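Asker: Shown below is the structure under consideration.
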Amino acid sequence: MTDPRARFNELRDRFLIRCLEDRDTIARAQEGYTQPEILRFAVHRLAGAAGTFGFPDLSRVAAEIDDLLVEGKPVPDADFERLLNAIDAVLVH
């Protein structure tokens, strides 16, 4: 039987790796090089998973941007920067 704590840590490690990928997607979107649906998926995934793994600030910022994207509103550069900074804070955690 797998130790639940070990399994959680494994999933958390995979989440952190995915944060690197999502960070790249978001940075490219800020520069206009990412398809909107790919951006929405990455931001939505961060909004949902970050809180689960103990990163409520990242989850909150991603959820705010996710709401803008769902409503079809533009995301201000300052919000992209907040999201990238929140991801960076998680990656150095």
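Asker: Which of the residues belonging to the stretch 64-92 are closer than 17 Å to residue 18 by Cα, open to solvent by 30 Å² or more (accessible area, probe 1.4 Å) and touching a Leu at 6+ places or on another chain (Cβ under 9 Å)?
Answerer: Of everything in the stretch 64-92, those that are closer than 17 Å to residue 18 by Cα, open to solvent by 30 Å² or more (accessible area, probe 1.4 Å) and touching a Leu at 6+ places or on another chain (Cβ under 9 Å) turn out to be 89, 91.
Asker: Also, I was wondering about something else. Which of (1) free of Cβ contacts under 8 Å to residues at least 40 places away in the same chain; (2) of a type outside the set (D, E, K, R); (3) surrounded by 13 or more Cβ atoms within 10 Å (Cβ to Cβ); (4) assigned to a helix (DSSP H, G or I) does residue 43 not meet, given it meets every other one?
Answerer: Here residue 43 meets the rest and fails (1).
Asker: Shifting gears a bit: Any residue at all in the stretch 30-38 that's in a helix (DSSP H, G or I), surrounded by 11 or more Cβ atoms within 10 Å (Cβ to Cβ) and of a type in the set (D, E, K, R)?
Answerer: no
The values are calculated or read from the model by the stated rules, or taken from the named source; none is laboratory data. Note that the structure is a prediction, hence the values are computed from the model and not measured. FYI the Cβ positions are ideal-geometry reconstructions off the backbone, even for glycines, and counts take in every protein chain you see. We work out accessible area using only protein heavy atoms, side chains counted, and drop any ligands, DNA or RNA first. Shrake-Rupley method; radii C 1.70, N 1.55, O 1.52, S 1.80 Å.
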